[in-house]
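The values are calculated or read from the model by the stated rules, or taken from the named source; none is laboratory data. Everything numeric in this text was worked out from a predicted model, so none of it was measured. No Cβ is skipped: glycine too gets one built from the backbone with ideal geometry, and neighbour counts run over all protein chains shown. Ligands, DNA and RNA are excluded from the accessible area calculation, which covers all protein heavy atoms including side chains. Shrake-Rupley method; radii C 1.70, N 1.55, O 1.52, S 1.80 Å.
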2 protein chains.
Amino acid sequence: MNFSQALEFYKTQRKKLVAVRYFFFISGWDMQTTAAQGSIESASEQVAMLAGRQYELTSDARYKEAVQVLFENSNNLDEVMRHEIECVQKEIAQTEKIPKQRYEQHMSLAAKAYPVYVQAKHDNDFAAILPYLEQLIQYNQDLTLWWQTPTLKGYDVLLDMYEHNFTTKRYDEFFQLLKQKILPVVGKLPAEQQYIAPEWSTQPYYKEGQKKFCNYLMDVLCFDKNKGLMKESEHPFTNGFGTNDVRITNHYYEENVLSSVFSVLHETGHALYEQQCDANLNGTFCSGGASMGMHESQSRFYENMIGRSKEFWQVHFKHMQQHFPVQLKHVSLPQFLQCVNAVKRSFVRTEADELTYPMHIIIRYEIEKELIDGCLKAKDLPQAWNEKYRSYLGIVPPTDTLGVLQDCHWASGDFGYFPTYALGSAIAAQLFAAMQKQLDVAQCLQSGNTAQINSWLKEHVHKYGASKYPDQIVLLATGEQFNPNYYVDYLLKKFG
Amino acid sequence: MNFSQALEFYKTQRKKLVAVRYFFFISGWDMQTTAAQGSIESASEQVAMLAGRQYELTSDARYKEAVQVLFENSNNLDEVMRHEIECVQKEIAQTEKIPKQRYEQHMSLAAKAYPVYVQAKHDNDFAAILPYLEQLIQYNQDLTLWWQTPTLKGYDVLLDMYEHNFTTKRYDEFFQLLKQKILPVVGKLPAEQQYIAPEWSTQPYYKEGQKKFCNYLMDVLCFDKNKGLMKESEHPFTNGFGTNDVRITNHYYEENVLSSVFSVLHETGHALYEQQCDANLNGTFCSGGASMGMHESQSRFYENMIGRSKEFWQVHFKHMQQHFPVQLKHVSLPQFLQCVNAVKRSFVRTEADELTYPMHIIIRYEIEKELIDGCLKAKDLPQAWNEKYRSYLGIVPPTDTLGVLQDCHWASGDFGYFPTYALGSAIAAQLFAAMQKQLDVAQCLQSGNTAQINSWLKEHVHKYGASKYPDQIVLLATGEQFNPNYYVDYLLKKFG
């Protein structure tokens with residue numbers, strides 16, 4: 001196969017693989033937002049078939065040959081294509097090491113586990129999801145064996161899957177810094193019972209009103225509704241297909257309006273990253289975010305740096321009052337800001353304040369390490385969870401629903417994903433510092449929307465999509481390597 | 001390839017093809033109910049890729065060989081499998097005759113045309129959809145050439161695709177009978193302007209209330225909501241995947257509550273057919289309805305024979321009054337029944353009464369014949385449409401929205417489909433007559449739901465799925481061949 005044959009074959013095969021991604025996206029979306037409970041099982045079987053198809057295409061001998069030819073002639077490729085081929089080579093090598101049947105079984109299992117997880121969380125019934133977790137952990141342990149290299153072993157294999165080049169060595173350093181600088185501040189927080197949410201924040205806010213205001217916020221953040229939408233699901237998430245179809249979900253609790261408000265800001269951050277990617281990358285493997293950590297840096301940037309700022313709410317709080325005239329009649333802007341920036345010991349990661357948030361992640365990271373090493377068994381998860389919460393946050397969840405069952409990641413088969421959330425928060429802080437050198441963010445927010453801020457992020461982060469490694473993007477955008485001190489400084493300045 | 005090898009290969013390939021069907025279903029559903037306008041085009045490209053995959057699998061040489069081996073040894077197969085292999089052989093032969101690229105282009109075009117059609121209907125802009133229609137007609141004309149046989153030519157090729165063994169010869173006879181017996185009754189109807197809908201029926205009925213009552217009706221008809229659901233779309237439809245996932249859509253017009261009420265009865269009829277199919281047929285090509293005509297017989301049976309009957313509303317009208325206490329306060333059951341059974345000259349097929357309904361179909365049938373023969377051009381459709389309406393119903397639609405743009409079928413590339421609607425109505429009448437010999441339908445309806453009626457239909461029609469030809473099912477269920485006189489008698493007795 002010569003170079004131009006290889007390129008042609010590669011592009012044809014890539015088109016097929018991109019289509020497979022679309023059908024994963026659309027069936028996953030359907031199962032999580034629409035499908036009736038009783039149809040999930042047969043849908044999962046079809047998803048397993050699609051996984052088999054993806055496996056076939058990825059491990060196809062001619063595809064491998066084409067990628068090898070392109071790799072060997074990478075000086076004939078442009079920069080984006082060179083990066084893509086490097087990533088694809090790694091993917092092929094990893095795919096080949098998974099027995100096809102195990103891969104299909106795993107995809108089917110993960111799809112089936114999701115509704116079981118939702119029910120288990122609802123029923124506070126850890127035992128219901130346990131057999132699924134055991135199999136999902138086993139699969140991840142097997143991955144670490146199949147994929148290990150001289151430099152990458154055990155849990156590191158999984159970490160690298162979600163964040164290229166980020167291993168326990170770097171995470172340990174990062175988390176050590178947080179434990180050293182942030183944990184003492186957390187330790188000084190009053191006991192859990194002493195935090196009382198202001199009465200206005202726990203009044204009933206009717207769902208339709210919440211939806212309308214969340215849609216208003218999507219407009220403020222310049223989400224393109226012609227190429228995306230928002231629906232409901234158990235756990236808010238963002239998913240998409242290129243720049244043309246970017247979808248977020250939200251959840252609405254009548255007694256907790258702030259949950260949907262900050263979820264929509266968070267998910268819209270993810271969505272903007274996808275929507276602002278260079279559209280020329282559509283149809284390639286370089287469309288979408290560069291990594292989970294980079295993605296989370298965008299969601300947490302919009303949720304926290306923008307969404308919890310005084311300047312943002314100086315413009316938008318009156319609109320929120322217009323949406324909820326009864327509930328917010330006697331609430332002042334300073335009262336509102338104090339509430340949305342209150343720090344407290346709490347059980348649920350997604351509802352946690354910025355200060356305690358990384359502790360929730362460190363807990364999960366340490367548990368995952370032990371789970372994958374095998375020294376912690378799935379059946380002992382609730383106990384291990386509760387002990388870690390006592391140790392880091394001084395509180396013990398009263399139920400597994402508020403404890404080990406709160407997140408869907410493990411039930412989806414994702415181990416090694418959580419640490420990217422803390423990484424994302426830290427990257428967000430580093431980007432924020434760099435942005436502020438070039439942009440008067442407060443003034444930008446006074447314009448009523450985030451267009452200028454979006455433009456900065458598009459130019460320095462979003463446009464690259466996945467055409468560079470996260471480390472490269474951080475360096476290009478901020479002028480230095482990943483540096484968690486920006487995060488520590490940000491947290492200490494705000495909460496210290 | 002010996003018999004058992006052939007059987008094994010066939011079953012593996014069938015699993016892949018069934019998965020392809022699922023992804024067609026789920027992406028089509030998404031595009032029609034969920035996706036943002038701006039994402040349709042890229043989604044359509046992925047659907048075209050899926051079509052290419054389906055084409056590859058269907059025209060695969062080993063698959064063909066396997067099917068041939070099974071066909072030659074069909075005395076070793078059970079009855080269902082024998083029927084399936086016969087149908088698959090025909091499908092393979094037809095698929096092979098379509099150039100792959102044309103097939104993919106067509107699937108992509110049909111997907112892209114749908115949102116254009118929705119917009120064109122909304123804007124009363126026939127010109128917007130015309131270029132799509134021209135290509136879709138051309139494709140159908142090409143199909144008639146690719147697929148023609150010594151006994152099947154022209155429009156007959158398309159008719160046979162939707163209804164096995166039903167050609168212009170049989171349809172002409174059927175429609176001749178209707179024109180002879182029913183058209184004179186239609187001719188005696190007062191002029192269009194003289195029908196005035198009762199005031200209560202055109203008052204605003206809020207959408208949420210309509211949704212709730214439609215959900216109530218789904219329960220009355222025993223739709224299994226654990227394995228299905230209802231959403232909204234421009235044009236109500238039913239789609240599904242085996243017995244485990246059956247979905248209907250509805251539309252809500254505040255000023256026309258009867259539209260959503262009779263649409264939900266109609267679509268739930270389709271859905272019951274799918275849900276009551278023998279679950280053992282899931283994962284085969286014999287799951288789902290036997291043909292478009294058989295499907296329509298079920299929807300129109302529940303909509304008309306059940307849903308417009310005095311006995312049905314004797315039980316359920318008071319529930320409708322409870323849902324809409326203001327609007328229906330002063331309406332009596334006889335007034336309601338008179339309104340939902342009123343006959344009138346009208347523009348829109350889906351809103352037409354039972355008597356004039358077949359005229360709407362005859363108009364489309366005659367137009368399609370001319371379109372496929374080539375003696376009518378797509379650009380002349382609005383004029384031809386209006387002339388036919390003047391001739392059969394004595395009225396001319398004031399807009400194309402109420403005329404040639406009212407149905408999505410042509411814009412979806414479906415020509416030869418409409419006549420099955422009239423066929424379905426006639427089969428419904430024939431089944432109804434047979435059912436009444438064994439079942440006291442009025443008494444069944446007094447029980448408050450349709451469980452006993454569903455059981456009769458399950459036993460005599462639904463359970464077979466697509467494992468028999470429609471002609472066979474009609475014969476088994478009613479003891480005689482398709483006989484349109486039942487339909488004529490039913491209409492004349494009710495409206496004559």
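Its DSSP H runs of at least 4 residues, each contributing -39,500 (n - 2.57), put the calculated 222 nm mean residue ellipticity of the protein assembly as shown at -20000 deg cm²/dmol, to the nearest 500. At the residue level, A:Cys375 shows approximately 100 square angstrom of accessible surface with a 1.4 angstrom probe and all protein chains present.
Using a 1.4 Å probe over protein heavy atoms, the accessible area lost on pairing B with A, summed over both chains, comes to approximately 2700 Å². When each of the peptides B:237-244, B:395-402 is scored by how many other beta carbons lie within 10 Å of its residues on average, the order from highest to lowest is B:237-244, B:395-402.
For the stretch A:156-217 versus the stretch B:111-171, the spacing of their alpha-carbon centroids is 56 Å. For the pair B:Asn76 and B:Cys222, a Förster radius of 25 Å applied to the C-beta separation gives a FRET efficiency near 0.05, rounded to the nearest 0.05.
Expressed to the nearest 5 percent, the antiparallel share of DSSP beta bridges inside the stretch A:99-249 is 50 percent. Remark on the stretch A:310-375: ratio of C-alpha radius of gyration to 2.2 N^0.38 Å is 1.66.
Of the beta bridges DSSP finds with both residues in chain B, what % are antiparallel, to the nearest 5? Write down the numbers at each step before the final one.
On the way: 4 of 9 bridges.
Looking only at bridges with both residues in chain B, the antiparallel portion is about 45 percent.
With a 10 Å cut-off around each Cβ of A:223-233, the average count of Cβ atoms from other chains is 2.
Once you treat every alpha carbon in the stretch A:38-95 as an equal point and sum by Debye, what is log10 I(q)/I(0) at q = 0.15, 0.16, 0.28, 0.30 Å⁻¹? Once normalised to I(0) and log-transformed, intensities are -0.54, -0.58, -1.06, -1.13.
Where Rh is the Kirkwood radius over the Cα pairs of the stretch A:363-427, the temperature 37 °C and the viscosity 0.692 mPa s, what D in µm²/s does Stokes-Einstein return? Don't skip to the answer; put the middle values down first.
Numbers: Rh = 12.4 Å.
D = 264 µm²/s.
Rounded if a/c is under 1.5, else prolate if a/b is larger than b/c, else oblate: which is the stretch B:389-496, with a ≥ b ≥ c the root eigenvalues of its Cα gyration tensor? Because a/c hits 1.5 or more and a/b exceeds b/c, the stretch B:389-496 counts as prolate. Oblate is the label for the stretch A:114-195, because the ratio a/c of its alpha-carbon gyration tensor axes (a ≥ b ≥ c) is 1.5 or higher and a/b is not greater than b/c. Taken over chain B, the percentage of Cα pairs per 20 Å bin, counting from 0 up to the bin with the maximum distance, is 22, 59, 18, 1. Across peptide A:243-249, the average count of Cβ atoms from other chains found within 10 Å of a residue's Cβ is 4.
In a reduced charge model with +1 at each Lys and Arg Cβ and -1 at each Asp and Glu Cβ, the stretch B:168-249 shows a dipole moment near 220 debye about its Cα centre. Beta bridges from DSSP with both residues in the protein assembly as shown: antiparallel share about 45 percent, rounded to the nearest 5.
Sort A:338-345, A:90-97, B:463-470, B:420-427 by the packing proxy (mean of other Cβ within 10 Å over each peptide's residues), most packed first. Before the final figure, lay out each step's value.
Working: A:338-345: 16.8, A:90-97: 14.9, B:463-470: 22.5, B:420-427: 26.9.
Per-residue mean Cβ counts within 10 Å order the peptides as B:420-427, B:463-470, A:338-345, A:90-97.
For the peptide B:24-31, the mean number of other protein chain Cβ atoms found within 10 angstrom of a residue's Cβ is 4.
What are the equivalent ellipsoid semi-axes of the stretch A:121-264, built from the alpha-carbon gyration tensor (square roots of five times its eigenvalues), in whole angstrom, biggest first? Before the final figure, lay out each step's value.
On the way: eigenvalues 237, 126, 74 Å².
So the equivalent ellipsoid measures 34, 25, 19 Å along its semi-axes.
Tell me, what % of the accessible area of the stretch A:74-116 is carbon and sulfur with a 1.4 angstrom probe?
On the way: 1020 of 2140 Å².
Within the stretch A:74-116, the accessible surface is 48 percent carbon and sulfur.
What relative contact order, as a whole-number percentage, does chain B give when Cα pairs under 8 Å and 6 or more residues apart are counted? Can you show the working numbers first?
On the way: 695 pairs, mean separation 94.7, N = 496.
Relative contact order for chain B comes out at 19 percent.
Taking B:Lys437, B:Lys153, A:Lys181 and ordering them by how much accessible surface each has at a 1.4 Å probe, largest first, produces B:Lys437, B:Lys153, A:Lys181.
With the radius of gyration and the Kirkwood radius both derived from the Cα set of the stretch A:203-362, what is their ratio Rg to Rh? Don't skip to the answer; put the middle values down first.
On the way: Rg = 16.0 Å, Rh = 16.4 Å.
Here the Rg-to-Rh quotient is 0.97.
Global size of the protein assembly as shown: 31.0, 92 Å for Rg and Dmax (C-alpha atoms, Rg to one decimal, Dmax whole).
Please list the three semi-axes, largest first and in whole Å, of the ellipsoid equivalent to the stretch A:68-206, using sqrt of 5 times the eigenvalues of its alpha carbon gyration tensor. Show your work: numbers first, answer last.
Working: eigenvalues 306, 129, 63 Å².
Semi-axes (√(5λ), whole Å): 39, 25, 18.
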